[in-house]
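**Student:** Got a structure here, written out as structure tokens. Questions coming.
What follows is calculated from the coordinates using simple rules that are stated; it is not laboratory data. Owing to the predicted nature of the structure, the values given are computational and were not obtained by experimental measurement. Backbone-built Cβ (ideal geometry, glycine too); neighbour counts: all protein chains shown.
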Amino acid sequence: MGKLATLSGVEIERVAFGTEQLGGYDWGAIDLEAIELAVDFAVNNGCFLFDTADCYGKGESEKRLGKALCNSRSNAFIATKFGVRFDEHGSVFYDNSPDYCERALDSSLERLNTDYIDLYLVHWPDRKTPLHRLFEKLESCREDGRIRCYGVSNFSLDKIDNLAGYWPGFKFFSMGFNLLNCNEKLRINDICLNKGLIFLAYGVLAQGLLSGKYSEKSTFDTCDRRSRGTSENFKGEKYLENLKLVYKLRHLAQKHPPWSVAQLAIKFVLEELPHSCSVVGVKGRQQFTENIEPSTCPIGSDLLEQVRCISQLTQVATV
Ligand SMILES: NC(=O)c1ccc[n+]([C@@H]2O[C@H](COP(=O)([O-])OP(=O)(O)OC[C@H]3O[C@@H](n4cnc5c(N)ncnc54)[C@H](OP(=O)(O)O)[C@@H]3O)[C@@H](O)[C@H]2O)c1
């Protein structure tokens, strides 16, 4: 189960490298050099999908990733996103217009220091651009070679189901999925199987909560999104409820070495969604090596069933 064939013929590993943290922003203490070393380790140990976006660190994630990959571009599958913009006050707005797509793509290519992007994702729906106009634009970018394929992120599954099958370059869809939030499993698997798309799960560790290292006593820096109301899973009562589940997972991991809490959480997603790739955010090589282990390490059916039971105890959570 270690690899996934993409439709452009490249085989990628099933655990992907999330690089929002490489943007250096909003994730608490970040050692950029440690992440860059992890990128270096990754390219020497497989063909990994690197997930970035033009808005991560306002372009810094793409720039740093491009620099870190400069000698190993052909051994990396780069996924970047467009459509999240900032106005003059720094407020976010969404823009999926074909004109903006054209400009955003060239800027991403420049920052990433490459002449093609393996996967170009529409980051969020803007609820105004007609999707056929956007997809025509993406098809033309594919035909001129700047992108190899494209997809959508955070779109409704109904929309994705309707769009899939008509557009030759439309190959991926992405949204949050983890053992706190897995209600859409059947629908996602159905789209993958019947429409031939690959699913990119993000939030697989629920922003680190499912690594098992946080407790009631944990505090987060003000420069860390987990200190604010924007991270639902880390807020008030919900956080305490989530921790109860994390402690059950920790107990399970302790009884089944060498599994760690993070590895059980990642394995759960890989098993529940066989046509998916799990994007896990990385702060250094140690986290990365721990996170990729589940893609090759088999899990016993009893242990998997126990993880599923823990997941079923949860209410719907947001990532
Ligand atoms: N398409 C979209 O709209 C979208 C949205 C969000 C994210 N993403 C992508 O998904 C990636 C993942 O981000 P996420 O928000 O989804 O978070 P996540 O992967 O659930 O959690 C990532 C965080 O967990 C901690 N962590 C990772 N591995 C660990 C390990 N082995 N042991 C202990 N802690 C570990 C790290 O933070 P600490 O060490 O600080 O705890 C890391 O920053 C992002 O980098 C981005 O590329 C995409």
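**Student:** Scan around D118 for amide H atoms under 5 Å from its own, H built in the peptide plane at 1.01 Å from N, and keep only partners 5 or more places away or cross-chain.
**Tutor:** I78, R148
**Student:** Continuing with this model, one more query. For the Cα atoms of the chain, what angle does the longest principal axis make with the long axis of helix 131-143, in degrees from 0 to 90, nearest 10?
**Tutor:** Approximately 80 degrees, to the nearest ten.
**Student:** Output wanted: per-residue J couplings in Hz (rounded whole) for region 145-154, from phi through Karplus 6.51 cos²θ - 1.76 cosθ + 1.60, θ = phi - 60°, x for Gly and Pro.
**Tutor:** x, 6, 10, 8, 7, 9, x, 10, 10, 6
**Student:** Here is a further query. Starting from the 7 Å offset along Cα-to-Cβ, what nm value, one decimal, do you get for the label separation of T289 and H132?
**Tutor:** Reported label-point gap for T289 and H132 is 5.3 nm.
**Student:** Hey, what's the per residue convex hull volume over the C-alpha atoms of region 51-158, in cubic angstrom?
**Tutor:** Roughly 101 Å³ of hull volume per residue.
**Student:** Suppose the chain between L313 and K58 were pulled fully straight at 0.36 nm per residue; how much longer would it get relative to their current alpha carbon spacing?
**Tutor:** Extending this stretch completely gives an extra 88.0 nm.
**Student:** Please provide three numbers in whole Å: the alpha-carbon extents of region 128-258 along the principal axes, with the largest listed first.
**Tutor:** 52, 35, 26
**Student:** Taking a temperature of 4 °C and a viscosity of 1.567 mPa s, what whole-number D in µm²/s does Stokes-Einstein yield for region 1-124 with Rh from Kirkwood over alpha carbon pairs?
**Tutor:** In µm²/s, the coefficient is 87.
**Student:** Which angle from 0 to 90°, rounded to the nearest 10, does the C-alpha axis of helix 185-195 make with the longest principal axis of the chain?
**Tutor:** That helix lies at roughly 30 degrees to the long axis.
**Student:** Moving to a separate point now. Can you pull out the GluC sites (Glu not before Pro) in region 109-151 whose DSSP state is coil and whose Cβ has at most 11 other Cβ atoms within 10 Å?
**Tutor:** Sites meeting the loop and neighbour criteria: none at all.
**Student:** Using only the Cα atoms, what convex hull volume per residue in Å³ does the chain have?
**Tutor:** Taking only Cα atoms, the chain has a hull volume of 129 Å³ per residue.
**Student:** Pop the C-beta distance of C70 and S8 into the FRET formula with R0 = 25 Å and round what comes out to the nearest 0.05.
**Tutor:** With a Förster radius of 25 Å, E is 0.70.
**Student:** Helix-only mean residue ellipticity at 222 nm, the chain, DSSP H runs n ≥ 4 weighted -39,500 (n - 2.57), per residue, nearest 500. What is it?
**Tutor:** -11500 deg cm²/dmol
**Student:** Continuing with this model, one more query. Over what distance in Å are the Cα centres of region 129-182 and region 184-203 separated?
**Tutor:** 12
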